[in-house]
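Q: Quick one: the structure is below, questions incoming.
The values are calculated or read from the model by the stated rules, or taken from the named source; none is laboratory data. Everything numeric here is computed off the predicted structure, so don't read it as measured data. All Cβ positions, glycine included, derive from the backbone under ideal geometry; neighbour counts span all protein chains shown.
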Amino acid sequence: MKKRPTLIIDHEKLRSNMSTVIGWCRESGIDVAGVIKVTTGMASVALDYEASGAKWIASSRLEQLARAKAAGVKIPLLMIRVPMISELDEMVQVCDYSLQSSLDTLKALETAALKNNRTHNVILMADLGDLREGFFEKEELVDVAKYVEDKLDCVHLAGIGTNLGCVGSVKPTEEKMLMLADWAQAVEDAIGRPLEIVSGGATSSLMPVFDKVMPPKVNMLRIGAVVYCGPLEDLRTCYGREEADVLSDEALIFETEVIEVNTKPTHPIGELGVDAFGKKATYIDRGRRKRAILAAGRADYGDIDDIVPMLEGAEVTMASGDHTILDIEDCKEQLRVGDIVRFKLKYSAILRLTTSENVSLVEKDALNGPQA
Ligand SMILES: *Cc1c(COP(=O)(O)O)cnc(C)c1O
């Protein structure tokens, strides 16, 4: 038996979720890049996405793309964090596509590609208001596109793209997608040929797909979150969209062990200072209630709002770095010391758990990995 706590990855569910998402996109003429950064780039997940029909494997970290390549992924790899100049040499060796937003980097990329005898494909980013990476003015993007097209021999202009719903929380509305299509048209007019790729964003850009308002020019989405989290992802929890409800939210499950069961007051007793993280907390007095302590905590998963107990009636009330307090007063099922409590996971909890050295990984139905 694996040491607890345990993160269980159900590859069959991940593949099924990815296939469903790819099906939605295909109806709108969109290909999917499967984003692997949330599980810290597990190569087994990259293989799942390739098997499900993704056209690219994408990550924000080169190490993760290199792992996917070493594991035998055959489809093109896409670097989705605008690269550092210091990693260009490695990047051209590891992957075929990258997102770009600086002329200086593109010039350095030409040198790196030439030196390594490669042709590297770039997608120039347009910042349509979310204020992360990308050219902010259409004219500048068109000028840089023309420069890449005319002046760089080893850098191929594959297309343009955008990122929304991230640092600036801007929604990928029909208007924003039409703007992207318009910028793509301006580039095509300037270079005198069609672009291969117009990349419309991430999971949140599924909304215009659901609404069937995606402009025909947009033909790629870079999808991560919804495949891992299903209905626990923002499409449902922030935007109230129900479409993702058909996906499984049990592709990744966290298993913890009960180390104490007791009935205690819900309000601390004594003069209150700060909690283990130096924060002043407020406590609601609900009288004495039955609770369990689990041997896992914020050092493993981060924030208690990002884990969802699968035990009916249970509620996470407090946590330290290594303890989680679960209110079980309203549970039908009785818990005892040594029992297991399982949790569904939101995005940031998955990100944390896959990097925690205290958490054992169990892979179910991996295409080429250990079976459990
Ligand atoms: C992380 C990321 C994505 C994937 O976003 P999800 O919301 O997980 O689908 C897509 N594009 C870029 C540039 C990213 O950094």
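Q: State which residue is surrounded by the most Cβ atoms within 10 Å (Cβ to Cβ) when the search covers only region 230-266 and only residues that are more than 16 Å from the chain's Cα centre (by Cα) and assigned to a loop (DSSP other than H, G, I, E, B).
A: Filtering first and then ranking leaves ARG241.
Q: Okay, next question. Only one residue in LEU195, LEU164 is within 30 Å of ASP89 (Cα to Cα), part of a loop (DSSP other than H, G, I, E, B), of a type outside the set (S, T, N, Q) and more than 12 Å from the ligand (Cβ to nearest atom), so which one is that?
A: Criteria check complete, one pass: LEU195.
Q: Another one. Please go through (1) within 16 Å of the ligand (Cβ to nearest atom); (2) surrounded by fewer than 24 Cβ atoms within 10 Å (Cβ to Cβ); (3) part of a helix (DSSP H, G or I); (4) not hydroxyl-bearing (Ser, Thr, Tyr) for VAL227 and return the number of the only condition it doesn't satisfy.
A: (2)
Q: On to the next question. Residue pairs, Cβ under 6 Å, 6 or more apart or interchain, first in region 22-34 and farther than 12 Å from SER199 by Cα, second within 13 Å of the ligand (Cβ to nearest atom) and in a loop (DSSP other than H, G, I, E, B). List them.
A: GLY34/ALA54
Q: At least 2 residues that are more than 16 Å from the ligand (Cβ to nearest atom) in each: list the strands (runs of 3 or more DSSP E) lying fully within region 48-154 that qualify.
A: Numbers: elements: 56-59, 77-79, 97-100, 120-126.
Once the strands (runs of 3 or more DSSP E) in region 48-154 are filtered for at least 2 residues that are more than 16 Å from the ligand (Cβ to nearest atom), nothing remains.
Q: Now, a different point. Take region 211-241 and flag every residue that is over 25 Å from SER98 (Cβ atoms) and among the hydrophobic types (A, V, I, L, M, F, W, C).
A: Hits for region 211-241 are VAL213, CYS229, LEU232, LEU235, CYS238.
Q: Does LEU252 fit the bill of being touching a Leu at 6+ places or on another chain (Cβ under 6 Å), within 16 Å of the ligand (Cβ to nearest atom) and hydrophobic (A, V, I, L, M, F, W, C)?
A: Here the answer is yes, as LEU252 does meet what is asked.
Q: Looking at LYS290, LYS280, which is the one that is touching a strand residue (DSSP E or B) at 6+ places or on another chain (Cβ under 6 Å) and either without any contact (Cβ under 8 Å) to a residue 60 or more places away in the chain or among the hydrophobic types (A, V, I, L, M, F, W, C) (or both)?
A: LYS290
Q: Of the conditions (1) touching a Phe, Trp or Tyr at 6+ places or on another chain (Cβ under 8 Å); (2) within 14 Å of the ligand (Cβ to nearest atom); (3) modelled with pLDDT of 95 or more, GLU233 satisfies every one except a single condition; which number is it?
A: With respect to (1) touching a Phe, Trp or Tyr at 6+ places or on another chain (Cβ under 8 Å); (2) within 14 Å of the ligand (Cβ to nearest atom); (3) modelled with pLDDT of 95 or more, GLU233 is out only on (3).
Q: How many of the residues making up region 321-337 are of a type in the set (S, T, N, Q) and more than 26 Å from the chain's Cα centre (by Cα)?
A: Let us first name the residues in region 321-337 that are of a type in the set (S, T, N, Q), namely 324, 334.
Then drop every residue that is not more than 26 Å from the chain's Cα centre (by Cα), which leaves 334.
Residues in region 321-337 being of a type in the set (S, T, N, Q) and more than 26 Å from the chain's Cα centre (by Cα): 1 in total.
Q: OK, next. Before we move on, is GLY201 without any contact (Cβ under 8 Å) to a residue 60 or more places away in the chain, surrounded by 15 or more Cβ atoms within 10 Å (Cβ to Cβ) and at positive phi?
A: Values: without any contact (Cβ under 8 Å) to a residue 60 or more places away in the chain: yes; surrounded by 15 or more Cβ atoms within 10 Å (Cβ to Cβ): yes; at positive phi: yes.
Judged against the criteria, GLY201 is a match.
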